[in-house]
Amino acid sequence: AQSVTQLDSQVPVFEEAPVELRCNYSSSVSVYLFWYVQYPNQGLQLLLKYLSGSTLVKGINGFEAEFNKSQTSFHLRKPSVHISDTAEYFCAVSDLGGGNKLTFGTGTQLKVEL
Amino acid sequence: KAGVTQTPRYLIKTRGQQVTLSCSPISGHRSVSWYQQTPGQGLQFLFEYFSETQRNKGNFPGRFSGRQFSNSRSEMNVSTLELGDSALYLCASSFSGSYNEQFFGPGTRLTVL
C-alpha cells in the first residue's frame, strides 16, 4: 500500500518570494512521483513528474522538485512566485507498471499575496 | 487537440436515485481513470479502464461501477445514491502505462439531496 503526506494544508507567501511545498511518501515498491495543480473549478494539471534519472526535475511555470529516496520526499519549489500561482497543489504516486492508479496527498493551498 | 471532456458538468440528484457520468478521452488515449474528490476524503481513485477492461479498482462499494467502450469513451454509474456521494468526479486519460501523463477533465459536480 502507498500513502502520500503533505504536511502543510495552507502556505501563504508574498509575491516574488520563494516557496517550498513539502511531500513525503511511503511505499513498499518503487514509485513514480507527480505534482499536480488545481485552479478553482478546474481539473488537475500536471506540473512535473519523476520517473527515473536525475533527481532534480523541472516542470512548467518555473516549478521544480527534488526526489530524495533516503528521505522518501519529493518537495516542490519555485524561486519566485506570482499571484497567478495561487491554487491547490497535489503530490501523487503510482506503482511502476501498475497502470494509472494515482494515490494523492491531501493537497496544499498556496496563497500568494501582494 | 481536444482535451478530456466530461458531461454533464453539474448534476443534482436525490437519495436513492442512480446517475451516469460520461468521459470522452483525448483522441488516441486508451486508458481512462476515475477519481472522486471531496473536502473530507480528498482525491480518491475509483477505477481505471484500459482497452475496455477494468485494469485497476479502488476501495469503493459495488454501487460504483464503470465501463469503457471500443472508442475509449467511458461511463461511470452510481446506483442508490447517498448524501456522501456528493463530490467532484474527475476523469483522466492517458496512452497506457503509469509513466504516461494523465490528462484530467474539468469534472462533474454531483450534488445529492
Report summary line: A careful count of residues in segment B:55-82 that are under 22 Å from B:N100 (Cα atoms) and in contact with a Gly (Cβ under 7 Å, 6 or more places away or on another chain) gives 4
Requested in this report: From the list B:N56, B:N100, pick out the single residue that is in a strand (DSSP E or B), at the interface with chain A (Cβ under 9 Å from one of its Cβ atoms) and modelled with pLDDT under 95.
Outcome: B:N56
Requested in this report: Output yes when any residue across segment B:70-80 is more than 14 Å from the chain's Cα centre (by Cα) and within 22 Å of A:G99 (Cβ to Cβ), and no when none is.
Outcome: yes
**Report entry** All strands (runs of 3 or more DSSP E) inside chain A with 1 or more residues being surrounded by 12 or more Cβ atoms within 10 Å (Cβ to Cβ) and within 11 Å of chain B (Cβ to nearest Cβ)
**Finding:** A:3-5, A:31-38, A:44-50, A:87-95
Query raised in the report: If you go through segment A:72-95 one residue at a time, do you hit one that is touching a helix residue (DSSP H, G or I) at 6+ places or on another chain (Cβ under 9 Å), within 29 Å of A:E15 (Cα to Cα) and among the aliphatic types (A, V, I, L, M)?
Result: yes
Query raised in the report: Can you name the number of the only condition in (1) more than 10 Å from chain A (Cβ to nearest Cβ); (2) out of contact with any Ser or Thr (no Cβ under 6 Å at 6 or more places or on another chain); (3) in a strand (DSSP E or B); (4) crowded, with 19+ Cβ neighbours inside 10 Å that B:S65 fails?
Result: (4)
Query - Which listed residue is farther than 21 Å from A:F90 by Cβ, among the charged types (D, E, K, R) and in contact (Cβ under 8 Å) with a residue 60 or more places away in the chain, from B:R73, B:R67, B:R15 - result: B:R15
Report task. Could you run through segment B:30-47 and say how many residues are crowded, with 19+ Cβ neighbours inside 10 Å, more than 10 Å from chain A (Cβ to nearest Cβ) and modelled with pLDDT under 95? Result -> 0
Query raised in the report: Condition test on B:F50, is it within 12 Å of chain A (Cβ to nearest Cβ), within 19 Å of A:K101 (Cα to Cα), surrounded by 15 or more Cβ atoms within 10 Å (Cβ to Cβ) and free of Cβ contacts under 8 Å to residues at least 24 places away in the same chain?
Result: no
Query - Near pairs, Cβ below 6 angstrom, 6+ apart or cross-chain, from segment A:65-80 (free of Cβ contacts under 8 Å to residues at least 60 places away in the same chain) to any residue that is in a strand (DSSP E or B) and surrounded by fewer than 16 Cβ atoms within 10 Å (Cβ to Cβ) - result: A:E66/A:L56; A:H75/A:E20; A:R77/A:E20
Report task. Out of the residues in segment B:103-113 that are hydrophobic (A, V, I, L, M, F, W, C) and touching a strand residue (DSSP E or B) at 6+ places or on another chain (Cβ under 6 Å), state the one that is nearest to the other protein chains (Cβ to nearest Cβ). Result -> B:F104
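The values are calculated or read from the model by the stated rules, or taken from the named source; none is laboratory data. As the structure is a computational prediction, the values presented were derived from the model and not from experiment. Reconstructed Cβ throughout: ideal geometry from the backbone, glycine too, with neighbour counts over all protein chains shown.
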